[in-house]
Amino acid sequence: MFPILKKQMLAPNICLMDVLAPRVASSARPGQFIILRTDAKGERIPLTICDYNADRGIVTIVTQMVGASSRKILSFNEGDAFPDFVGPLGIPSEFIHFTDQQLKGKKYLFIAGGLGTAPVYPQVKYLHERDVRADVIIGAKTKDLVIFENEMKSVCDNLYICTDDGSYGFKGLVTDKLKEIMNNGAVYDQVVAIGPMVMMKFVTLAAKPYNLPLIVSLNTLMVDGTGMCGACRVTVGGKTRFACVEGPEFDAYQVDFDEAMRRQGMYKTQETEADHNCFIDLHSHE
Amino acid sequence: MSKIPRVAVREQDPLERAHNFDEVSFGYNREEAILEASRCLQCKNPKCVSGCPVSINIPRFIASVNADHMEEAASVIAADSSLPAVCGRVCPQEIQCEGSCILGIKYEPVAIGKLERYVADWARKNNYSTVAGAPYNGKKVAVIGSGPAGLACATDLAKAGCRVAVFEALHKPGGVLVYGIPEFRLPKDEVVAYEIDQVQKLGVTIETNVVVGRTVTIDELMDREGFDAVFVGSGAGLPRFMGIPGENLNGVVSANEFLTRSNLMSAYSPDSDTPIYVGKHVTVIGGGNVAMDAARTALRLGAGVTVVYRRTEKEMPARVEEVHHAKEEGIAFELLCNPTSVLGNEKGWVTGLRCIRMELGEPDESGRRRPVEIPGSEFDKPCDVVVIALGTVANPLIARTTPGLNINKYNGIVADENGVTSRPGVFAGGDVVSGAATVILAMGAGRKAARAILDYLKIT
């Protein structure tokens, strides 16, 4: 069992939990994720790791209530325990392999969308601890849904907050902010975008004209998360890759986002799509 | 003796069982078991024993059944097998013990598998436990993977007095017995959980939710956690795809995904949170046991099902019994037929499978006649879901995180027949070494490795 030591609401529907999982905490690195189950009938739910503390054996996760499974997670309280909590899964962010010397003088930009702010935080924190400069753009629908603002401020250089409705910070999309920063002459060695698939797609389109190296973290469907099922397969550079064991981070310019978004909806739209009966030979698309 | 025909096993009616997940075979009752046991010739030089990968003393346990001494029969089997109720159900007896039975030359072989199942079920229902541990010998062994190889290895090590800790990546122990083989062939709670529980009663601990290679490495287990040896029985978990156009359309799944959703996550049950999608018609690609399991699962979930296989029924790697059951239940077979692309609509959902007819040519390196395409014979087969059951390969995670552990070109761990690898103290067996095979071959490999581990630890 994996006890919840702390539960904190970050926004009306977004909750942070510190979970006691010593094995996971001691192996976790930025960029990785965990899978948890709430009960015997529950799904295996993949969640990015938001923070970890090996000494205390704690892994921090952030969940947004979007459906039945996340509702179950949010129904847990301090003192309750998850029956299953496995990880860290996936390959850590590329920069953890760089020496301090290699990282020296580099400048990063992180673009976080909504809940994607949570997994961005450990990456910025890791770089901050090694004196690497990083700017962060956080995008959210509205002021209430901006999370981790203070934590992020303490580890990044410039923090830009965007809201769709203009209720806080810059009114507009993260892509607008990105263009503004770049047009003002900013220079980055690496950009990392984590958020909804559609946001990552448009960040990729927006970043391309500036020749910005861009990494995205793909939140695909998964069952086991260890390479067994292939539900997470994505096309990257024309090849099928498993996001769970070969990702979740990939070179954004190689990712087929339209396919990835379509595959995410595999179990959402099955009823409405069921009576389609039109034949297209996929050969002809190549 | 041989005048008595082989006692047929009672089964659920095919039309009824096509709509439920209850076990297909009812197994023998006591009278049937004793009658079938009476057919055994009690050979002086029993061929069946050498046909058994774990060398169960088959004539002896059958003699005990014949004498209605079921406790004795259970003890004889338990000396060599920790999963008898599993093996009695899923072993390919026709090519092992029963395939070697002398009676089979002229008549039908003794139904050894059904007798094993009867004895194991009897022991479970009568709470007859043969579990006996040994005093602690001071050695700690880590077993990676709680499938058939790991459980068999752990059992023998625990019986020799080792302290054994099994690490399982998923949330439930059992490996392929839990995520792969469906409930209607192998009941999970009643049979699998019970036999794993028996292994734990020997003092073996099972820690779930540990992905070795990610959560902890083999080096950490040995250096930090004090394990004297490690057995890797992590299986062949990575599904193979065909690389044909349309394979990433919505509705194309690996058999691993399809079966994991249904079996491990109980998606067949309405109260499970995990979804599974079958649409109206499912096409399963492949001719092995996994293909049959996927097809029969899809059928039970309400779909019409066709199995597509590129050779003929004779070359199918699936057990004869499985193919027979699948046909009885109403699954269609499209043989000598190979998929060339998956067809989809403008929304990216599967609408069918484009296939080409095949004919058998000259034998290939496997000895089977090689299927060759018949030019111009392409045709489209409409369906909503395509399940790809073309085998699995080893997960490279452990090999990649264990320096000095040699692997082959399929990412399998290189080990000799005793499970000895290139790393001192690290042993391996089962599918991670052999590639996808059977439950019983994995158990046999686990037992051999246990023997080698005891030698390595100088325990006699």
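State whether the residues of the range A:75-84 include one that is at pLDDT 95 or above and under 23 Å from A:VAL120 (Cα atoms).
Taking every residue of the range A:75-84 in turn, none turns out to be at pLDDT 95 or above and under 23 Å from A:VAL120 (Cα atoms).
Of the residues in the range A:246-281, how many are within 7 Å of chain B (Cβ to nearest Cβ), modelled with pLDDT of 90 or more and over 29 Å from B:PHE379 (Cβ atoms)?
Of the residues in the range A:246-281, 0 are within 7 Å of chain B (Cβ to nearest Cβ), modelled with pLDDT of 90 or more and over 29 Å from B:PHE379 (Cβ atoms).
If A:PHE76 satisfies all but one of (1) of a type in the set (Phe, Trp, Tyr); (2) touching a helix residue (DSSP H, G or I) at 6+ places or on another chain (Cβ under 9 Å); (3) not assigned by TED's automatic domain parsing to the domain that holds A:ILE147, what's the number of the condition it fails?
Here A:PHE76 meets the rest and fails (2).
Could you check the range B:213-246 and list, in sequence order, the residues that are more than 7 Å from chain A (Cβ to nearest Cβ) and in contact with a Ser or Thr (Cβ under 6 Å, 6 or more places away or on another chain)?
Taking the range B:213-246 and keeping what is more than 7 Å from chain A (Cβ to nearest Cβ), we get B:213, B:217-236, B:240, B:242-244.
Answer for the range B:213-246, where residues must be more than 7 Å from chain A (Cβ to nearest Cβ) and in contact with a Ser or Thr (Cβ under 6 Å, 6 or more places away or on another chain): B:GLY213, B:THR217, B:ILE218, B:ALA236, B:ILE244.
For B:ALA326, are the conditions met, namely being assigned by TED's automatic domain parsing to the domain that holds B:ASP380, touching a Ser or Thr at 6+ places or on another chain (Cβ under 9 Å) and in contact (Cβ under 8 Å) with a residue 12 or more places away in the chain?
Against the criterion (assigned by TED's automatic domain parsing to the domain that holds B:ASP380, touching a Ser or Thr at 6+ places or on another chain (Cβ under 9 Å) and in contact (Cβ under 8 Å) with a residue 12 or more places away in the chain), B:ALA326 does not qualify.
Having 3 or more residues that are touching a Leu at 6+ places or on another chain (Cβ under 7 Å) and more than 10 Å from chain B (Cβ to nearest Cβ) is the bar; report the strands (runs of 3 or more DSSP E) wholly within the range A:27-101 that clear it.
By residue number, A:58-64.
In the list B:ALA169, B:ALA160, which residue meets the criterion of being surrounded by fewer than 24 Cβ atoms within 10 Å (Cβ to Cβ) and either among the hydrophobic types (A, V, I, L, M, F, W, C) or closer than 20 Å to B:VAL210 by Cβ (or both)?
Checking each option against the conditions leaves just B:ALA160.
If a residue has to be among the hydroxyl-bearing types (Ser, Thr, Tyr) and in contact with a helix residue (DSSP H, G or I) (Cβ under 8 Å, 6 or more places away or on another chain) to count, how many in the range B:133-164 make the cut?
2
Mind checking which residues of the range A:204-244 are within 11 Å of another protein chain (Cβ to nearest Cβ), of a type in the set (A, V, I, L, M) and crowded, with 23+ Cβ neighbours inside 10 Å?
If the condition is that a residue be within 11 Å of another protein chain (Cβ to nearest Cβ), of a type in the set (A, V, I, L, M) and crowded, with 23+ Cβ neighbours inside 10 Å, then A:MET222, A:VAL223, A:MET228, A:ALA231, A:VAL234 are the ones that fit.
Criterion first (among the hydrophobic types (A, V, I, L, M, F, W, C), buried (at least 21 other Cβ atoms within 10 Å of the Cβ) and either within 21 Å of A:PHE33 (Cα to Cα) or touching a Cys at 6+ places or on another chain (Cβ under 9 Å) (or both)) does A:VAL198 satisfy it?
Answer is no for this residue.
Look at B:ARG224 and say whether it is over 22 Å from the mean Cα position of the chain (by Cα), surrounded by fewer than 20 Cβ atoms within 10 Å (Cβ to Cβ) and of a type in the set (D, E, K, R).
On the way: over 22 Å from the mean Cα position of the chain (by Cα): yes; surrounded by fewer than 20 Cβ atoms within 10 Å (Cβ to Cβ): yes; of a type in the set (D, E, K, R): yes.
Here the answer is yes, as B:ARG224 does meet what is asked.
Take the residues in the range B:111-130 that are outside any helix (DSSP H, G or I) and touching an Asp or Glu at 6+ places or on another chain (Cβ under 7 Å), then tell me which one is surrounded by the most Cβ atoms within 10 Å (Cβ to Cβ). Even if it seems obvious, please write down each step before you answer.
Residues of the range B:111-130 that are outside any helix (DSSP H, G or I), as a first pass: B:111, B:126-130.
Now restrict to residues that are touching an Asp or Glu at 6+ places or on another chain (Cβ under 7 Å): B:111, B:128.
On the way: B:ALA111: 25, B:TYR128: 14.
Here the answer is B:ALA111.
Could you check, for the range A:196-208, whether at least one of its residues is free of Cβ contacts under 8 Å to residues at least 60 places away in the same chain and closer than 20 Å to A:ASP51 by Cα?
There is no residue in the range A:196-208 that is free of Cβ contacts under 8 Å to residues at least 60 places away in the same chain and closer than 20 Å to A:ASP51 by Cα.
Table: residues versus (1) surrounded by 14 or more Cβ atoms within 10 Å (Cβ to Cβ); (2) at pLDDT below 95.
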| residue | (1), (2) |
| --- | --- |
| A:VAL59 | yes, no |
| A:THR63 | yes, yes |
| A:GLY87 | yes, yes |
| A:LYS104 | no, yes |
| A:ASP131 | no, yes |
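Name the pairs: first residue in the range B:157-180 and free of Cβ contacts under 8 Å to residues at least 24 places away in the same chain, second residue of a type in the set (Phe, Trp, Tyr), Cβ to Cβ under 8 Å, at least 6 apart or on different chains?
none
For every residue, the table says whether it meets (1) on the phi > 0 side of the Ramachandran plot; (2) of a type outside the set (A, V, I, L, M, F, W, C).
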site	(1), (2)
B:PRO275	no, yes
B:VAL278	no, no
B:VAL282	no, no
B:ALA291	no, no
B:ALA295	no, no
B:GLY302	yes, yes
B:VAL305	no, no
B:TYR309	no, yes
B:GLU315	no, yes
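With respect to B:ILE196, determine if the residue is buried (at least 21 other Cβ atoms within 10 Å of the Cβ), free of Cβ contacts under 8 Å to residues at least 60 places away in the same chain and of a type in the set (A, V, I, L, M, F, W, C). Break it down stepwise before answering.
Values: buried (at least 21 other Cβ atoms within 10 Å of the Cβ): yes; free of Cβ contacts under 8 Å to residues at least 60 places away in the same chain: yes; of a type in the set (A, V, I, L, M, F, W, C): yes.
Considered against the rule, which asks whether it is buried (at least 21 other Cβ atoms within 10 Å of the Cβ), free of Cβ contacts under 8 Å to residues at least 60 places away in the same chain and of a type in the set (A, V, I, L, M, F, W, C), B:ILE196 comes out as yes.
Can you find a residue in the range A:218-234 that is assigned to a helix (DSSP H, G or I) and of a type in the set (D, E, K, R)?
no
Looking at this structure, is B:PRO424 over 23 Å from the mean Cα position of the chain (by Cα), touching a residue at least 60 places away in the same chain (Cβ under 8 Å) and surrounded by fewer than 21 Cβ atoms within 10 Å (Cβ to Cβ)?
It is false that B:PRO424 is over 23 Å from the mean Cα position of the chain (by Cα), touching a residue at least 60 places away in the same chain (Cβ under 8 Å) and surrounded by fewer than 21 Cβ atoms within 10 Å (Cβ to Cβ).
Would a scan of the range B:96-103 turn up a residue that is assigned to a loop (DSSP other than H, G, I, E, B), buried (at least 18 other Cβ atoms within 10 Å of the Cβ) and touching a Gly at 6+ places or on another chain (Cβ under 6 Å)?
Checked against the condition, which is being assigned to a loop (DSSP other than H, G, I, E, B), buried (at least 18 other Cβ atoms within 10 Å of the Cβ) and touching a Gly at 6+ places or on another chain (Cβ under 6 Å), the range B:96-103 yields at least one hit.
Can you tell me which residues in the range B:247-264 are under 25 Å from A:THR38 (Cα atoms) and within 7 Å of chain A (Cβ to nearest Cβ)?
B:ASN256, B:GLU257, B:THR260, B:ARG261
Are there any helices (runs of 4 or more DSSP H) wholly within the range B:1-95 with 1 or more residues that are surrounded by 23 or more Cβ atoms within 10 Å (Cβ to Cβ) and in contact with a strand residue (DSSP E or B) (Cβ under 9 Å, 6 or more places away or on another chain), and if so which?
B:84-90
Which condition does A:VAL124 not pass, out of (1) in a helix (DSSP H, G or I); (2) at pLDDT 95 or above; (3) among the aliphatic types (A, V, I, L, M); (4) more than 15 Å from the chain's Cα centre (by Cα), if it passes all the others?
(4)
Only residues that are of a type in the set (D, E, K, R) and in contact (Cβ under 8 Å) with a residue 40 or more places away in the chain: list them for the range B:39-79, please.
Within the range B:39-79, B:ARG39, B:LYS47, B:GLU71 qualify.
The values are calculated or read from the model by the stated rules, or taken from the named source; none is laboratory data. All figures in this text were calculated on a predicted structure; none of them were measured in a lab. Here the Cβ is made from the backbone with ideal geometry for all residues, glycine too, and neighbour counts use every protein chain on show.
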